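This report refers to the structure that appears directly beneath it.
The values are calculated or read from the model by the stated rules, or taken from the named source; none is laboratory data. As the structure is a computational prediction, the values presented were derived from the model and not from experiment. Reconstructed Cβ throughout: ideal geometry from the backbone, glycine too, with neighbour counts over all protein chains shown. Side chains included, ligands, DNA and RNA excluded: accessible areas come from the protein's heavy atoms. Shrake-Rupley method; radii C 1.70, N 1.55, O 1.52, S 1.80 Å.
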Amino acid sequence: MSTTTTPQTPAPAPTPASDLIGSGQEGGIRDQVSAYLQRVRGGDMGGLPAIAGFVVLCILFTALSPYFLTERNFANLLTQAATLVMLAMALVFVILLGEIDLSAGVTSGVAMSLFVVLSDPGGLNLNWILALLVSLITGIVIGMFIGFFVARVGIPSFVVTLGLFLGFQGLQLIIIGDGGLYRIQQPEILAIQNSNMPDWAGWVMLVVMIAISLATSLLDRRRRTRAGVPNRTIALMWIRLVVIAVIAGIVIALLNQNRGTGFLAVSGVPIVVPITLFILWLGTFILDRTRFGRYLYAVGGNAEAARRAGIKVVGIKWAAFTVCSFLAVVSGVFSASKVGSVDAAFGRDIVLSGVAAAVVGGVSLFGGRGRLIHGAIGALVIAVITNGLGLLNLPGGVNFLVTGGVLILAATIDAVSRVRSGGSLIRR
Amino acid sequence: MDSPLIELIDVKKSFGPVSVLKGVSLKVFPGKITALVGDNGAGKSTLIKGLAGVQPYDEGEVKFDGQPVALHNPREASRLGIEVVYQDLALCDNLDIVQNMFLGREETTLGTFDEGQMEREASETLRSLSVRTVKSVRQKVSSLSGGQRQTVAIARSVLKSARVVILDEPTAALGVAQTEQVLALVKRLAEKGVGVLMISHNLVDVFQVADYISVLYLGQMVASIETSATTSDDVVGYITGSKTYTGASI
């Protein structure tokens, strides 16, 4: 990659007799690995620092606390993280545009307030499915509202969503009532975070994951073969599948251990996990393989270029804010399920953690760089800090300090890698 | 001489009271490079924006292949095969070469990208332009040099059977070697039968590649000449208004 950036050289030695210009897919594992290392050295690190951070933190907390690496805490960590993972994935859609949604948290608050008020058995007693639909649609409407002001009217998203952040706290207060608190009473909602799939379903999930991954890989390879362009060596595909199978297999095996403390055996993968994985898969599919996803990256990279290429920039922005608010409400459902209640402050504090998670995961706030899974990994890092420090019985303030430090560290890594990847450009 | 691919006849454009194009005529021939020169404010940008359909002309006739056509928006221009490569390149740094070349017109099967097909076509287009400086079509544009970026932008314009390519100062920000590469590319573009209209301030470049030179002075076409029939000094004179061309227009 960086070898061709040396400027001012006249045409290099004639290309070898191959028919086509290279695509970086040629060569065996050794070539691929060295090309990857070259990309990383060039500053294209993606989620690597966050994954490394996650592993280091896990090792650290395992050493410091006997409770950290237990089946029980492991399941706990996943359900604690689920809300933040979903919110970070929601925010990735707007951050990719170089925009921000500060109201994502309170949007989920407004939507979940509506849910509890509508479905309250002592009150309106609406069917919970209908109430859930109403809150999800509320999320979509709010997203379109934000999109209208950002994309159509042209107000910076920071300002629009800051206004909504303030305003929706009031709206939430009005919906819930002063000092009110509603318990979540629907077992279906509570089950998302508090119940587990049967043990066998975990293994089915693993098989489905591997089958989907294998199918898309093979389909990609067939399309490339049909077009007559080289494929990556097939060994890489198998390695990737084995890595997924081993990691996911270990996680599922751990979760299928009995982690109950009393007479009742508790085991299985929490229901929230397959829901989150499905949304992650679907979102990644859309971002990587469809026009909407590609145009999202294009608008985030260079909106003017996108406009000249005939992309409807306004529509893309609009859609991104809508997706963000919708997924924010899904994260609100996770949170309500975990906490078991909704009050007037629901969702107020989480949004900045969501932004932090995306940045820690390697999503650039300047837009155009980052993937959905980076948001998820960043959220896991922040969740593991909260979880691990909680187990150490440290004062609550330490948690915030460490989280803030990690965020700045991540941003520094991003900035330094930017200088390295863009450095040659600046020198030129 | 071939019949012109594009012929502008007496086009006019004004912004409020300011008349920018005061009746301009211009011809672009297939397989030939026509250089459009003129000082700042002469109306070059307005002229190409009209051709691109971005800012339609107020008056005058546009003929494409001898047929009168309307150019009211960019889509009509691109349907005719008129492509513009703007000075500020309009590439997305965060996307790779293939993604940039196909931006806005991706090949899809069942709603999902056919990356193999796009990669092949991008590679073939670059090769047909004898591009040798790009190592991989999957590198990000942010890693390319200025000349390579210009190459990608030009290749993007000819990806879908362009018939006229308008280049806005293609060598403005380039070093010597890269300028040579881009000029060679422009020549190959014309050899493919594309009509090239190149805006440039650099008369050395113009005399190196252009077949015809059209000089715009304060909204009027003061000279349209064969390059071989004129000199750099004369062209400078036409541009600055200190000389008047008296010969026939091509």
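If only one of A:83, A:79 is within 24 Å of residue A:272 (Cα to Cα) and crowded, with 24+ Cβ neighbours inside 10 Å, which one is it?
The unique qualifying residue is A:83.
Within region A:43-54, is even one residue open to solvent by 30 Å² or more (accessible area, probe 1.4 Å) and over 27 Å from residue B:92 (Cβ atoms)?
There is at least one residue in region A:43-54 that is open to solvent by 30 Å² or more (accessible area, probe 1.4 Å) and over 27 Å from residue B:92 (Cβ atoms).
Can you tell me which residue in region A:138-197 is nearest to residue A:79 (Cα to Cα), limited to those that are part of a loop (DSSP other than H, G, I, E, B) and of a type in the set (A, V, I, L, M, F, W, C)?
Here the answer is A:197.
Can you name every residue in region A:21-42 that is in a loop (DSSP other than H, G, I, E, B) and either surrounded by 14 or more Cβ atoms within 10 Å (Cβ to Cβ) or of a type in the set (S, T, N, Q) (or both)?
Start the filter on region A:21-42 by keeping residues that are in a loop (DSSP other than H, G, I, E, B), which leaves A:21, A:23-28, A:42.
Answer for region A:21-42, where residues must be in a loop (DSSP other than H, G, I, E, B) and either surrounded by 14 or more Cβ atoms within 10 Å (Cβ to Cβ) or of a type in the set (S, T, N, Q) (or both): A:21, A:23, A:24, A:25, A:26, A:27, A:42.
Is there a residue in region B:148-158 that is surrounded by 21 or more Cβ atoms within 10 Å (Cβ to Cβ), over 20 Å from residue A:306 (Cβ atoms), more than 7 Å from chain A (Cβ to nearest Cβ) and modelled with pLDDT of 85 or more?
Yes, there is a match, as at least one residue in region B:148-158 is surrounded by 21 or more Cβ atoms within 10 Å (Cβ to Cβ), over 20 Å from residue A:306 (Cβ atoms), more than 7 Å from chain A (Cβ to nearest Cβ) and modelled with pLDDT of 85 or more.
Tell me the helices (runs of 4 or more DSSP H) entirely within region B:30-130 that contain at least 2 residues that are open to solvent by less than 10 Å² (accessible area, probe 1.4 Å).
In region B:30-130, the matching helices (runs of 4 or more DSSP H) lie at B:44-52, B:97-101, B:115-128.
Could you tell me whether region A:336-357 includes any residue that is more than 17 Å from the chain's Cα centre (by Cα), acidic (Asp, Glu), outside any helix (DSSP H, G or I) and at pLDDT 90 or above?
Yes, because at least one residue in region A:336-357 is more than 17 Å from the chain's Cα centre (by Cα), acidic (Asp, Glu), outside any helix (DSSP H, G or I) and at pLDDT 90 or above.
Can you work out which of the residues in region A:353-367 that are open to solvent by less than 20 Å² (accessible area, probe 1.4 Å) and within 14 Å of chain B (Cβ to nearest Cβ) is nearest to residue A:384 (Cα to Cα)?
A:363
Exactly one condition in (1) more than 15 Å from the chain's Cα centre (by Cα); (2) under 18 Å from residue A:283 (Cα atoms) is false for residue A:330; which is it?
For residue A:330, the failing item is (1).
What's the total number of residues in region A:368-383 that are assigned to a loop (DSSP other than H, G, I, E, B) and open to solvent by 10 Å² or more (accessible area, probe 1.4 Å)?
The number of residues fulfilling the criteria is 3.
Are there strands (runs of 3 or more DSSP E) fully within region B:182-250 with at least 3 residues that are open to solvent by 10 Å² or more (accessible area, probe 1.4 Å)? List them.
Fully inside region B:182-250 and qualifying: B:220-226.
Given the conditions (1) under 18 Å from the mean Cα position of the chain (by Cα); (2) open to solvent by 10 Å² or more (accessible area, probe 1.4 Å); (3) under 20 Å from residue A:345 (Cβ atoms), report the number of the one that residue A:120 does not fulfil.
Against the list (1) under 18 Å from the mean Cα position of the chain (by Cα); (2) open to solvent by 10 Å² or more (accessible area, probe 1.4 Å); (3) under 20 Å from residue A:345 (Cβ atoms), residue A:120 comes up short only on (1).
Mind checking whether some residue in region A:79-98 is free of Cβ contacts under 8 Å to residues at least 12 places away in the same chain and over 17 Å from residue A:361 (Cβ atoms)?
No - not one qualifying residue is present in region A:79-98.
Which members of region B:206-223 meet the condition of being of a type outside the set (A, V, I, L, M, F, W, C), at pLDDT 90 or above and in contact with a strand residue (DSSP E or B) (Cβ under 8 Å, 6 or more places away or on another chain)?
Residues satisfying the conditions are B:211, B:212, B:214.
When region B:60-105 is examined, which residues are found to be of a type in the set (Val, Ile, Thr) and away from chain A (no Cβ under 12 Å)?
Correct list: B:62, B:69, B:82.
Is there any pair with a first residue in region B:106-133 that is facing another protein chain (nearest Cβ under 7 Å) and a second that is part of a strand (DSSP E or B) and of a type in the set (A, V, I, L, M, F, W, C) whose Cβ atoms are under 8 Å apart and which are 6 or more apart or on different chains, and what are they?
Within 8 Å, the pairs are B:106/B:113.
Looking only at region B:91-138, how many residues end up being among the aliphatic types (A, V, I, L, M) and more than 18 Å from residue A:223 (Cα to Cα)?
Residues meeting the conditions: 9.
Results for (1) assigned to a helix (DSSP H, G or I); (2) polar (S, T, N, Q); (3) at pLDDT 90 or above; (4) surrounded by fewer than 16 Cβ atoms within 10 Å (Cβ to Cβ), shown as yes or no for each residue.
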position	(1), (2), (3), (4)
A:231	no, yes, no, no
A:244	yes, no, yes, yes
A:261	no, yes, no, yes
A:264	no, no, no, yes
A:294	yes, no, yes, no
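Where the second residue is outside any helix (DSSP H, G or I) and of a type in the set (Lys, Arg) and the first is more than 9 Å from chain B (Cβ to nearest Cβ) and lies in region A:286-311, which pairs have Cβ atoms under 9 Å and are six or more apart or on separate chains?
Here the result reads A:287/A:371, each pair linking region A:286-311 to a residue that is outside any helix (DSSP H, G or I) and of a type in the set (Lys, Arg).
So how many residues does region A:142-170 have that are among the hydrophobic types (A, V, I, L, M, F, W, C), in contact (Cβ under 8 Å) with a residue 60 or more places away in the chain and in contact with a helix residue (DSSP H, G or I) (Cβ under 9 Å, 6 or more places away or on another chain)?
Total meeting the criteria: 9.
With respect to residue A:237, determine if the residue is open to solvent by less than 50 Å² (accessible area, probe 1.4 Å), out of contact with any His (no Cβ under 9 Å at 6 or more places or on another chain), closer than 30 Å to residue B:124 by Cβ and assigned to a helix (DSSP H, G or I).
yes
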